[in-house]
Amino acid sequence: MLLLTSSILYAQQGTDWKTQGNTADSTAFIGTTNASSLILRSNDLERMRISENGNVGIGVDNPQTALDVEGDIQLTGDIIFKGYEDLQNPVNRFLMIDKTGKSTSVKMKELNTFMSWEDCYDIQDQITFNGETGTTTIVAGTYASWAPRIQGTKSILYTGSECSAWVGIGTELPMTKLDVRGAGRFTKGVKVGEEYIEKSGLYIENYIYSNGSNTTYFDHLIMVKDESGEKLLQLNNDGLLRAREIKVDLDTWPDYVFEKDYKLMPLNELRSFLLKYKHLPNVPSANEIERDGVNLGEAAKTSMEKIEELTLYLLEINDKVEKQEVVLNEQQKLLEQQQETIRLQQELILELKNLTNKN
């Protein structure tokens with residue numbers, strides 16, 4: 001009985017650890033006091049150990065680093081790399097992972113050697129250079145080789161501000177600096193191109209490849225297709241716009257030409273106007289069009305005005321022709337009557353001659 005009581009008192013003093021928990025102070029610990037690893041087991045199998053030098057191994061009996069894990073790691077939070085949190089730090093801006101799986105920090109000036117002027121992620125494949133932790137070989141690039149490579153190994157973790165980060169919305173693998181899979185909304189203007197020159201809601205500028213080939217970057221400035229891939233709208237680099245149909249809304253249409261009080265220019269005055277100005281009335285001259293361009297809506301309206309005026313001219317001429325036909329018909333009838341009178345007179349003269357010859 002005394003032995004049992006001592007044992008309880010001994011445990012309550014904190015020298016033994018109970019499975020139901022203990023009240024511990026700052027000096028209490030679980031571990032070893034000699035150069036031996038601390039081993040944790042479950043189901044009588046080793047699950048984790050802390051080596052004598054402090055390395056933690058999970059699934060590893062001889063951990064070589066501060067944390068050495070054999071198997072997958074699942075996180076519900078983020079991994080924070082100390083030393084990369086300052087986005088304005090111009091020294092170490094990238095964390096690279098080489099083909100052996102080892103990471104190294106890379107100075108911006110060294111990385112710039114392998115990047116194009118346009119894209120901070122356009123890094124050549126299999127480039128070897130000295131990083132801060134040793135020789136590093138970059139095993140992933142961008143463009144054609146980027147997607148299949150980065151799916152297997154995340155080769156670049158961006159931490160800097162000098163180059164634009166690649167942002168994916170609706171996709172885990174952005175293919176451009178901003179890759180949006182789905183609808184987007186802009187409450188202000190959208191600019192596409194190299195320079196901002198004019199204040200425009202939509203500004204598109206083509207530019208030349210950096211290799212000096214004088215080849216424009218975009219094949220077409222604008223391309224719109226329907227759900228089946230058929231072209232609906234195409235704006236070429238030379239300014240040619242192709243579309244299936246264009247509808248222009250107008251407030252008025254030139255049906256006023258057919259009103260009774262519309263003054264149609266007489267044809268003789270129209271002839272004089274054409275000889276003097278070399279274009280139709282109310283129609284811009286060639287110099288005006290070359291200087292100011294053509295308003296499609298106004299051009300269509302003016303064209304219809306001239307077509308309707310031409311219709312009136314034709315109707316006017318037709319009325320005159322019909323009146324002349326009536327006069328000609330009357331004249332033709334009169335001529336036929338005169339010819340019949342002459343014929344009868346000739347017959348009468350002939351009969352008189354015959355009578356005279358008999359007598």
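The values are calculated or read from the model by the stated rules, or taken from the named source; none is laboratory data. What you see is a predicted model; the values in this text were computed from it and never measured. In this analysis, Cβ positions are derived from the backbone assuming ideal geometry, glycine residues included, and neighbour counts consider all displayed protein chains.
Overview of values
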quantity	calculated
Enumeration of residues in the stretch 201-214 that are within 24 Å of G297 (Cα to Cα) and in a loop (DSSP other than H, G, I, E, B)	G201
Condition check for K225: exposed (fewer than 12 other Cβ atoms within 10 Å of the Cβ) and either in contact with a Gly (Cβ under 8 Å, 6 or more places away or on another chain) or in the same structural domain as I307 (by TED's automatic domain parsing) (or both)	no
Residue in the stretch 53-63 that is aliphatic (A, V, I, L, M), at pLDDT below 80 and either touching a strand residue (DSSP E or B) at 6+ places or on another chain (Cβ under 8 Å) or part of a loop (DSSP other than H, G, I, E, B) (or both) present	no
Enumeration of residues in the stretch 250-288 that are farther than 16 Å from Y313 by Cβ and touching a helix residue (DSSP H, G or I) at 6+ places or on another chain (Cβ under 9 Å)	L250, T252, W253, D255, Y256, K278, H279, P284, S285
Among (1) at pLDDT 90 or above; (2) exposed (fewer than 10 other Cβ atoms within 10 Å of the Cβ) - the single one N357 does not satisfy	(1)
E340 vs. criteria assigned to a helix (DSSP H, G or I), under 20 Å from Y256 (Cα atoms) and free of Cβ contacts under 8 Å to residues at least 60 places away in the same chain	no
Checklist (1) surrounded by 10 or more Cβ atoms within 10 Å (Cβ to Cβ); (2) at pLDDT 90 or above applied to L240, failing item	(1)
Positions within the stretch 24-35 being of a type in the set (S, T, N, Q) and either surrounded by 11 or more Cβ atoms within 10 Å (Cβ to Cβ) or closer than 19 Å to L67 by Cβ (or both), in sequence order	T32
Scan of the stretch 19-56 for residues that are touching a helix residue (DSSP H, G or I) at 6+ places or on another chain (Cβ under 9 Å) and not hydroxyl-bearing (S, T, Y), ordered by number	N22
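Results for (1) in contact with a Cys (Cβ under 6 Å, 6 or more places away or on another chain); (2) surrounded by fewer than 11 Cβ atoms within 10 Å (Cβ to Cβ); (3) in the same structural domain as L221 (by TED's automatic domain parsing); (4) polar (S, T, N, Q), shown as yes or no for each residue.
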site: Y262; (1), (2), (3), (4): no, no, no, no
site: M265; (1), (2), (3), (4): no, no, no, no
site: S272; (1), (2), (3), (4): no, no, no, yes
site: H279; (1), (2), (3), (4): no, no, no, no
site: A286; (1), (2), (3), (4): no, yes, no, no
site: E298; (1), (2), (3), (4): no, no, no, no
site: S303; (1), (2), (3), (4): no, no, no, yes
site: I307; (1), (2), (3), (4): no, no, no, no
site: E316; (1), (2), (3), (4): no, no, no, no
